[in-house]
Amino acid sequence: MDRKRFKVMEEIKEKGFEKLLEIAKKAIEKSDLSKEELRYLLSLEEGEERRLLFKLANAFRHDYMGDMVFIKGVIEFSNYCKKNCAYCGIRASNKVNRYRMLPDEIISMAKNMAKLGVDTIILQSGEDPYYDLETLVYIVSTIRSTTFVPVSLSIGELPKSAYLKLKHAGASKVLLKHETINKKVFEAVHPDDDYDARVDLLDYIISIGYIGGSGNIIGLPGQTIEDIADDILFMKRVGVKMIGLGPFVPAEGTPLQSFPHGDPELTLNTYAAIRLTMPRVFMPATTALGTIDEAKQFEAFNVGCNVVMCNFTPEKYRKDYMIYTGKTKVEFFQTARRLKEMGFKLSIKILRELEKHEKGVMNRC
Ligand code: SAH
Ligand code: SF4
């Protein structure tokens with residue numbers, strides 16, 4: 001078996017980076033990294049040692065997960081939200097045009113996405129009670145029975161009983177970010193949420209058999225490097241299989257609109273540290289990172305990321321789903337083409353669709 005991580009460890013040894021070597025050995029032996037070791041990785045600055053950390057994380061991704069990048073599709077089906085998370089551009093009290101997609105409009109888009117070969121259909125929205133449990137069950141079960149593609153829910157907090165029913169309807173994954181494990185920072189930005197209830201809900205979702213996803217925002221006011229190390233340890237303890245993590249991006253009209261965005265470099269360090277800690281995790285290179293610096297989103301695939309979420313929200317709604325200002329569109333074909341050029345593997349179905357799309361474009365020229 002190809003074991004790139006051992007070769008990188010040799011390189012670290014040759015260069016004499018003792019602390020990184022010690023951490024690399026522990027990660028390779030599958031021993032838990034301590035908070036102090038994670039803090040060390042997160043703090044590495046531009047230079048040879050950091051380059052080797054990234055190379056090691058990339059090798060871990062290669063050795064454990066192969067070279068496939070999983071392309072998921074997201075439909076942002078409603079921007080109504082009853083909550084007021086301080087960072088979010090579609091929080092209830094922000095003045096934005098609101099929209100809701102009809103259930104059959106959502107299902108029809110999901111079918112188009114399935115034809116293109118997306119790995120998962122992610123249904124995302126604000127916390128919008130307009131979609132009651134019966135409606136959600138209808139949407140999920142129809143998508144599942146017509147496309148057979150896994151369905152992931154990213155619609156905020158639901159009652160526990162709803163997660164059970166939606167699981168029976170065919171949903172298999174849930175994304176519910178803990179946002180930050182520092183209780184003070186969490187409470188400062190979540191006027192409607194209970195910290196302990198969020199953590200308990202994540203545990204519950206995983207305990208009933210969902211593939212659970214969580215993640216934190218990098219750069220919330222008051223957050224420290226130690227907090228991010230704790231975020232990583234928390235996600236490992238909970239047993240998430242997916243981690244969606246990106247920098248804070250200020251959103252106009254929100255209480256945090258004048259705060260600086262999160263550090264893209266620290267975001268890359270975090271991806272790398274996570275890959276060493278949880279080598280089999282599915283981890284997207286996030287749109288938030290791409291919004292701050294497009295090149296960095298693609299760099300993320302070389303420091304441990306192996307997933308990307310492409311946007312399938314219909315054009316007429318997309319401009320109103322601005323959870324942060326300037327949110328870019330991650331377009332399916334463009335992204336697939338770029339990943340292919342970077343040497344990553346894509347599913348056969350996606351490669352066929354990409355070829356068809358490009359032939360169509362050539363014929364139109
Ligand atoms: N309402 C759902 C899903 C939509 S929001 C929920 O909250 O879970 C999805 C994610 O967007 C949130 O988890 C949050 O981490 C992220 N987000 C919102 N505003 C953001 C901002 N200004 N910067 C970075 N991420 C943000
Ligand atoms: Fe609503 Fe989610 Fe935004 Fe919070 S982060 S305001 S729950 S859409």
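The values are calculated or read from the model by the stated rules, or taken from the named source; none is laboratory data. Quick caveat, the model's predicted, so the values are computed rather than measured. Don't worry about glycine lacking a Cβ; one is built from the backbone with ideal geometry, like all the others, and counts go over all protein chains shown. For accessibility, only protein heavy atoms count, side chains too; no ligands or nucleic acids. Shrake-Rupley method; radii C 1.70, N 1.55, O 1.52, S 1.80 Å.
Would you confirm, using the coordinates I've provided, whether S125 is open to solvent by 10 Å² or more (accessible area, probe 1.4 Å) and either of a type outside the set (S, T, N, Q) or farther than 22 Å from G209 by Cα (or both)?
Against the criterion (open to solvent by 10 Å² or more (accessible area, probe 1.4 Å) and either of a type outside the set (S, T, N, Q) or farther than 22 Å from G209 by Cα (or both)), S125 qualifies.
Checking Q257 against (1) in contact with a strand residue (DSSP E or B) (Cβ under 7 Å, 6 or more places away or on another chain); (2) farther than 28 Å from G209 by Cβ; (3) assigned to a loop (DSSP other than H, G, I, E, B), which single condition isn't satisfied?
Failing condition for Q257: (1).
So, in segment 57-94, exactly how many residues are within 20 Å of Q297 (Cβ to Cβ) and small (G, A, S)?
Of the residues in segment 57-94, 3 are within 20 Å of Q297 (Cβ to Cβ) and small (G, A, S).
Do any helices (runs of 4 or more DSSP H) lying entirely in segment 262-365 carry at least 3 residues that are free of Cβ contacts under 8 Å to residues at least 24 places away in the same chain and open to solvent by 20 Å² or more (accessible area, probe 1.4 Å), and which ones are they?
Counting at least 3 such residues, we get 332-341, 348-364.
On the given criteria, is Y64 within 16 Å of ligand 2 (Cβ to nearest atom) and more than 16 Å from I232 (Cβ to Cβ)?
So Y64 fails the test.
Which of the following residues is open to solvent by 30 Å² or more (accessible area, probe 1.4 Å), in contact (Cβ under 8 Å) with a residue 60 or more places away in the chain, within 16 Å of ligand 2 (Cβ to nearest atom) and under 28 Å from D193 (Cα atoms): K83, K95?
Within the list K83, K95, the selection yields K95.
Quick grid of which residues meet (1) outside the structural domain of H261 (by TED's automatic domain parsing); (2) of a type in the set (F, W, Y); (3) outside any helix (DSSP H, G or I):
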site: E76; (1), (2), (3): no, no, yes
site: K82; (1), (2), (3): no, no, yes
site: M113; (1), (2), (3): no, no, no
site: P129; (1), (2), (3): no, no, yes
site: T135; (1), (2), (3): no, no, no
site: Y138; (1), (2), (3): no, yes, no
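Please state which one of R39, R61 is assigned to a helix (DSSP H, G or I) and open to solvent by 60 Å² or more (accessible area, probe 1.4 Å).
So the residue among R39, R61 that is assigned to a helix (DSSP H, G or I) and open to solvent by 60 Å² or more (accessible area, probe 1.4 Å) is R39.
Conditions tested, residue by residue: (1) within 26 Å of G262 (Cα to Cα); (2) in contact (Cβ under 8 Å) with a residue 60 or more places away in the chain; (3) away from ligand 1 (no atom under 16 Å from the Cβ).
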position: L116; (1), (2), (3): no, yes, yes
position: D119; (1), (2), (3): no, yes, yes
position: Y130; (1), (2), (3): no, no, no
position: I155; (1), (2), (3): yes, no, no
position: K165; (1), (2), (3): no, no, yes
position: L175; (1), (2), (3): yes, yes, no
position: F186; (1), (2), (3): yes, no, no
position: H190; (1), (2), (3): yes, yes, no
position: D194; (1), (2), (3): yes, no, no
